There are 2 protein chains.
Amino acid sequence: MEHLSSVKNSCRLLKFFLQSPSKELGVSDLSRKLTLSKGAVHKMLATLESEGFIRQNPATKQYYLGYTLLELGNQVLKNHNLSDFVKPYLERLAQMSNELITLCVKDERDALYVDKIDSQYPIRFNVDMYRRFPLYATSAARVIFAHCNLSLIDDLLKEDIRTFTPYSFKDPEAIKSRLLEIKQQGYEMSSNMRNVGVTGIAAPLFDANGEVSASISIIGPSDRMLPLKEKLIGQIIEVTKEISSQLGYHG
Amino acid sequence: MEHLSSVKNSCRLLKFFLQSPSKELGVSDLSRKLTLSKGAVHKMLATLESEGFIRQNPATKQYYLGYTLLELGNQVLKNHNLSDFVKPYLERLAQMSNELITLCVKDERDALYVDKIDSQYPIRFNVDMYRRFPLYATSAARVIFAHCNLSLIDDLLKEDIRTFTPYSFKDPEAIKSRLLEIKQQGYEMSSNMRNVGVTGIAAPLFDANGEVSASISIIGPSDRMLPLKEKLIGQIIEVTKEISSQLGYHG
DNA sequence: CGAAATCGTTCTCTAATAGAGAACATCGTT
DNA sequence: AACGATGTTCTCTATTAGAGAACGATTTCG
C-alpha cells in the first residue's frame, strides 16, 4: 500500500513545529530538517497556507501554524466522549485528594493527557496537556502500557528508551518486569521517574471489551503523596473500578 | 503558482469533519462530499492515519480526527502571545462587569474567539471557542471588520450573507454603513444579531502598525447589559485603549 | 432467507504532478 | 561592495495522484 508522498511530507512538516523551539520556521530550515528541496517545501507551505493550516509572517517571511489547526484540535476534544463521561469521577478524586488528577489516553505508541483537574495547593504539580510521551514514561502511561499486547511492548522497548530524570527506567527488561507487576497489582505507583520529587499513582480504565486505552492518575509532590499512599491507592482503585463497570466492563 | 492537489484535498478532507454533525465519517461519504474517487479518499485517509492525523474505528471501519491534531491545535494556542498579554486585562473587565469577556481575532476572511472569561452569573451567555464565523456576524468580529481594507469588505459582502437570527444583517449596504459608524465611534454594540436576547459590546485592539486584527468584547443577556451600557462601553474603551498603547500603538 | 445495495479495500492505468535542482530576487552582514 | 543567507520561481522528468472498475464483506430489505 503506497502512501501519498506529498501528504505525508506535509504532515511531517506540520509536526515538525511541535518539536521546534521557535514558533516560526523558514523554508530553508524546514527543507534541511525534512531533507526535501526548498522548492518542494515552499509548494507545501503555499498549499497549507491556502487552507489555513499555515500562515506566513509578512515581516519575517517565515511560517507558523494556522488557526485551522486550532479548530481541528478543538474538534478532537469535542468528539472525545470519554472526557465528558469521566469528568465527574475526576472531580470526586480531586475533592478527596486535593492533588492533580489526570485522564491519560493511549494513541498508537504514545500516551497523552487529555483532561485534568488541578490541585488547589499553592505548591502543586502541573502536566503538559495534549503532548505525546512514551508509554513507559509516567505512571499513567505505564499502567496502560502494562495491558498492551506483548508484541507492542517488545517492539517499543527495542527502541531507544527516553529518560527524563536520573531515576527513569532505562533498561528494557526492568520496564518489562515492572509492567507485569503493574498488571498483577492493578495499579502503578512511582516517584521521580518523570520529575524528581513527584509521585504518581495510576489505575487503568477497562472498556466493555476488556481493553485498556485510558488511565486515571493522582500526581503530586512526593512529600505530600507518600504519607497518604495507602489511602490514595484505595481511592483511585475504587473510582476506576466504578468507571470501568459503567463502561460495560465485567471483570 | 500551482498547489499540491493531494495536500489540498487532504486539508479539505480534514476540515470536512468541522462541518459534519457526526464525528466518524466513511470513505464513501467523504468521496461523495469531496467529489473525489473512493480510491483517492482511501489513500488520503491511510496516509493521514499513518501520521496520526486520522484514526480508524476498527468496529465501524469509519474514520475520525486523530490526537495529533489536538497536539497541533494546542501548539497554536501556545504560540499565541496575544492571549497571555491580554489576559490580565480580560480579568479586569470580567471583574468590573461580571459578564462574558472574549478575545476575538481575525484569520483571513473569518473571525474566531481565542480566549474568554466566563460570567459568574447563574444565567450567562456562552460562546463557541476556536470556531470560525464570518467577519460581519458578531460585534467582536464587526469591530475588526470595520478596520479592514475596503477591498476585503467589498469582496466578502459580495458573497451570500449568512444570517443567524431574524435580526441579523442581511443587506450588504446596511453592513457597510454600519462598519463606517463603528469606525467612527470606536466601538460596536449590537443585540440579537447572533443570538436573540444577547447583547455584545466590542472595541478594537490596535497594534504598533495601527492595524486591527483583534478585539475584546463584553457579551451577556440584553436585560442585564442594556441598563448598564454607558458604563460598559466606557470600561471596554478604557481597557482596549490601554492595551493598544501597550502594544505600541500611538493613535 | 436470499437478493440487492452499500460498505471499505484493492487494483490497474495514464494524465497529471511531485519534487530535485538550478536560477533569481532580496535581504542583512561583513 | 561582496558575500551569504533568505524566500521565491522556474524547468524538467521520474513519479504518482486519482478515476474507475472489481473485490469481498456487511448490512438492508423484500
### Message
I need the shape label for the stretch B:5-71. Rule: rounded when a/c is under 1.5, else prolate if a/b > b/c, else oblate, with a, b, c from the alpha carbon gyration tensor.
### Response
rounded
### Task
Taking all protein chains together and a probe of 1.4 Å, list B:Met193, B:Met225 from the most accessible to the least accessible.
B:Met193, B:Met225
#### Entry: Residues with amide H under 5 Å from that of B:Gly66, placed H, sequence gap 5 or more
B:Ile54, B:Arg55
### Task
On a C-alpha basis, how far is the centre of the stretch A:173-251 from the centre of the stretch A:46-82 in Å? Whole number, if you could?
35 Å
### Query
Taking a probe of 1.4 angstrom, what is the accessible area of A:Ile101 in Å², to the nearest 10?
0 Å²
### Message
Show me the trypsin sites (Lys or Arg not before Pro) within the stretch B:125-156 that DSSP assigns to loop and that have at most 11 other Cβ atoms within 10 Å of their Cβ.
### Response
none
### Query
What is the mean number of Cβ atoms from other protein chains located within 10 Å of the Cβ atom of each residue in peptide B:124-136, rounded to a whole number?
2
#### Entry: Computed helical MRE - 222 nm, chain A, DSSP H runs ≥ 4 contributing -39500 (n - 2.57), nearest 500
-14000 deg cm²/dmol
### Amide H partners (placed H, <5 Å) of A:Leu135, local residues excluded
A:Ala111
### Query
Can you give the mean number of other chain Cβ atoms that lie within 10 Å of the Cβ atoms in peptide A:10-19?
5
### Summary
So the FRET efficiency between B:Glu49 and B:Asp29, C-beta based with R0 = 22 Å and rounded to 0.05, is 0.85
### Task
Within a 10 angstrom radius of each residue's Cβ in A:45-51, how many Cβ atoms of other chains show up on average? Whole number is fine.
6
### Message
Checking the table A:Lys43/B:Lys170; A:Lys87/B:Lys23; A:Lys15/B:Lys106; B:Lys116/B:Lys229; A:Lys33/B:Lys33 against a 31 Å threshold on Cα-Cα, which pairs fail?
### Response
A:Lys43/B:Lys170; A:Lys33/B:Lys33
### Query
Put a dot 7 Å past each Cα toward the Cβ at A:Lys38 and B:Lys241; how far apart are the dots in nm?
4.9 nm
### Task
Quick one: divide the alpha-carbon radius of gyration of the protein assembly as shown by 2.2 N^0.38 Å and tell me what you get.
1.06
### Span-like helix ranges in chain A, DSSP H, alpha carbon extent 15 angstrom or more, Kyte mean at least -0.5
A:5-16, A:38-50, A:67-79, A:81-97, A:229-246
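Assuming 0.36 nm per residue, please report the length gained on full extension of the stretch A:Asp223 to A:Asn81 beyond their Cα-Cα distance.
47.7 nm
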### Query
Using 7 Å Cα-to-Cβ label points, what is the B:Glu159/A:Glu230 separation (nm, one decimal)?
6.5 nm
### Message
Need one value: the accessible area of B:Ser20 in square angstrom, 1.4 angstrom probe, rounded to the nearest 10.
### Response
20 Å²
### Query
Measuring label to label, 7 Å along Cα→Cβ, what does B:Glu91 give against each other copy in nm, shortest first?
2.4
## Note on the structure
In chain B, taking the dipole from +1 charges on Lys and Arg beta carbons and -1 charges on Asp and Glu beta carbons about the Cα centre, the listed residue (B:Asn9, B:Pro134, B:Val105) farthest towards the positive end is B:Asn9
### Task
Determine the shape class of the stretch A:80-246: with a ≥ b ≥ c the square roots of the Cα gyration tensor eigenvalues, call it rounded for a/c under 1.5, and otherwise prolate if a/b is greater than b/c, oblate otherwise.
oblate
#### Entry: Among B:Asn195, B:Asn79, B:Asn126: highest mean-square fluctuation, GNM of chain B, C-alpha pairs under 10 Å
B:Asn79
### Query
Just A:Leu228, A:Leu112, A:Leu18 to compare: in a GNM of chain A, with alpha carbon springs under 10 Å, which one fluctuates most?
A:Leu18
## Note on the structure
Counting Lys and Arg as +1 and Asp and Glu as -1 over every other residue whose Cβ sits under 9 Å from the Cβ of A:Ala146, the net charge comes to +1
### Task
Could you give the size of the charge dipole of the protein assembly as shown about its Cα centre, using +1 on the Cβ of each K and R and -1 on the Cβ of each D and E, expressed in debye and rounded to the nearest 20?
500 debye
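The values are calculated or read from the model by the stated rules, or taken from the named source; none is laboratory data. Predicted model only: the values in this text are computed from it and were never measured. Cβ sites come from the backbone with ideal geometry, for glycine too, and all protein chains shown count toward neighbours. Heads up: the accessible areas ignore ligands, DNA and RNA and are worked out on the full protein's heavy atoms, side chains in. Shrake-Rupley method; radii C 1.70, N 1.55, O 1.52, S 1.80 Å.
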